[in-house]
Amino acid sequence: MHKPSVLYADEEGNIYDWPGLEMVGRSGWQGQRLKEKDWMPLPPGSELFALPGRLPLGWNAAKRRIETLSRDPRNPHKSPRAVAAFVSPAHTQIYSAAYRRQRNAPLLPLFAYTAVGWKDGRFVAACMRMDPDERQDHKNFHPPTIERNARRRMREERSNRLMLHLGKCALTYACPAARNLFMNRWEAPLPTSPACNASCLGCISLQEREDLCATQDRIAFVPTPEEICGVAVPHLQKARRAVVSFGQGCEGEPLLQGETLARAIQMMRESTPRGTINLNTNGSFPSTVDRLCRAGLDSIRVSLNSARPEFYHAYFNPRGYTFEDVLQSITKVKDAGGFASINYFVLPGFTDTEKEFQALCALMEKTGLDLIQMRNLNMDPEWYLESMPSAEESKPLGIRRLVQNISKRFPHVRLGYFNPCLDPRA
């Protein structure tokens with residue numbers, strides 16, 4: 001059976017396949033030849049990127065080696081560019097895009113870069129579907145309905161600053177959570193905090209580097225509990241599989257607004273017992289998490305790039321809290337009878353090493369975790385690897401095998417991509 005062929009982009013951005021080389025993937029720093037189970041049709045709603053200053057890598061079957069495609073096969077006087085896929089939500093990459101970075105290549109924007117190729121007349125990507133939930137599937141969004149509902153609510157609730165902010169998120173940035181809010185279903189966002197107590201390398205709402213742009217605007221105010229409830233309560237009361245979540249890509253750290261969150265959660269639960277109230281967070285203040293649980297918080301999702309403290313600190317650059325505080329926050333939710341998950345940033349060749357797997361197992365045993373959301377790391381893979389502490393690593397297990405090992409060792413721990421609705425009535 002023939003393998004997918006490599007893709008490249010010409011200098012004008014047109015994408016072609018080159019049958020002379022097979023598609024390969026990347027695990028850490030190493031190029032990898034793919035097996036049949038390693039690719040699937042490119043999920044609808046995915047995007048393709050041409051990577052500046054990066055030459056495609058492919059497998060030469062005749063010479064049995066990985067080679068660099070250094071010249072455009074259709075125009076040998078020009079250089080090609082590597083191509084990557086930003087796969088749609090619910091999908092986790094098995095391999096990153098494989099390329100050779102050229103001198104002075106710019107830093108890649110804050111997206112995930114999955115290996116992509118061409119086979120049997122269609123694009124294929126090195127990824128797997130991690131969650132059957134269709135809440136952010138491309139086919140389920142109806143732009144005219146979203147725009148009509150967003151503009152109506154922004155007009156009718158124009159005194160609610162949070163509603164105006166979320167309208168912009170839906171109409172300008174096509175935020176899936178904001179779009180679902182305006183389709184009256186599933187998980188709705190509740191951004192609250194313009195401040196943060198971490199300086200994440202891949203922060204998508206605030207970047208100090210001159211060569212890197214945030215992908216969206218951070219909220220510039222702290223909404224009142226009344227403004228928060230103006231968005232959350234109708235959603236909890238009426239939406240299908242209703243979830244409302246503090247802690248979004250367009251904000252800092254919501255725990256810094258603990259007083260506001262506690263009052264808003266209390267007001268929500270005074271209005272309705274329906275639906276799930278969730279907090280996406282860095283888990284920096286266990287005492288505040290405990291207070292929110294007592295107010296009525298149902299679930300928490302803590303973001304982690306690694307289960308090892310030294311790698312966690314290298315990415316998050318926390319200010320005023322430690323990795324141990326993060327673990328305690330998860331434990332606080334479990335002690336209160338709540339649901340706890342982690343937002344686990346996945347990079348093939350790093351996330352699936354034996355040492356990282358063992359550290360993750362120890363974390364699960366210590367915290368009683370319920371769910372691991374396997375989310376793709378959104379940043380330049382080489383910048384990320386270069387920013388991590390040097391350490392001897394064993395050969396990667398492979399993302400697919402990592403998933404299998406977690407399920408075998410912890411059959412009660414769910415693997416997925418989204419915050420679940422915990423209320424069967426909703």
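Values for this structure:
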| quantity | calculated |
| --- | --- |
| Protection-proxy order for peptides 339-347, 414-422, 138-146, 66-74, each taking the mean of Cβ atoms within 10 Å per residue, highest first | 339-347, 414-422, 66-74, 138-146 |
| The chain: calculated mean residue ellipticity at 222 nm from DSSP helix runs of at least 4, using -39500 (n - 2.57) | -9000 deg cm²/dmol |
| Percent antiparallel among DSSP beta bridges (both partners in the chain, rounded to 5) | 60 percent |
| Trypsin sites (Lys or Arg not before Pro) lying in DSSP loop within segment 295-345, provided at most 13 other Cβ fall within 10 Å | Arg319 |
| Gyration tensor verdict on segment 5-129 (Cα atoms; rounded if a/c is under 1.5, prolate if a/b is larger than b/c, oblate otherwise) | rounded |
| About the Cα centre, charge dipole magnitude for the chain (Lys/Arg +1, Asp/Glu -1 at Cβ), debye | 1020 debye |
| At R0 = 25 Å, FRET efficiency that the Cβ-Cβ distance of Lys334 and Asp423 yields, to 0.05 | 0.85 |
| Among the listed pairs Lys78/Lys119; Lys332/Lys366; Lys238/Lys332; Lys3/Lys139; Lys37/Lys139; Lys3/Lys119, those beyond 18 Å (Cα-Cα) | Lys78/Lys119; Lys238/Lys332; Lys3/Lys139; Lys37/Lys139 |
| Label point at Ser79 placed 7 Å out along Cα→Cβ; residues across segment 37-63 whose backbone nitrogen lies under 11 Å | 52-56 |
| In segment 1-30, the GluC sites (Glu not before Pro) that fall in loop regions by DSSP, at most 15 other Cβ within 10 Å | Glu11, Glu12 |
| Calculated FRET efficiency for the pair Ala314/Ile15, C-beta based, R₀ 41 Å, to 0.05 | 0.75 |
| Segment Arg129-Ala61, extension gain: residue separation times 0.36 nm, minus the distance between their alpha carbons | 21.6 nm |
| Among 96-104, 176-184, 53-61, the order from most to least packed when residues are scored by Cβ within 10 Å on average | 176-184, 53-61, 96-104 |
| Quotient of Cα Rg and 2.2 N^0.38 Å for the chain, N being how many residues it contains | 1.00 |
| Label point distance in nm, Lys408-Asn184, each placed 7 Å from Cα along Cα→Cβ | 4.8 nm |
| No Cys partner within the rule (Cβ under 4.7 Å), the chain | Cys127, Cys196, Cys213, Cys229, Cys250, Cys293, Cys361, Cys421 |
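Throughout, read-outs are computed from the coordinates displayed, never taken from laboratory work. Quantities reported herein were computed from a predicted structural model and do not represent experimental measurements. Glycine also receives a Cβ, built like all others from the backbone with ideal geometry; neighbour counts cover every protein chain displayed.
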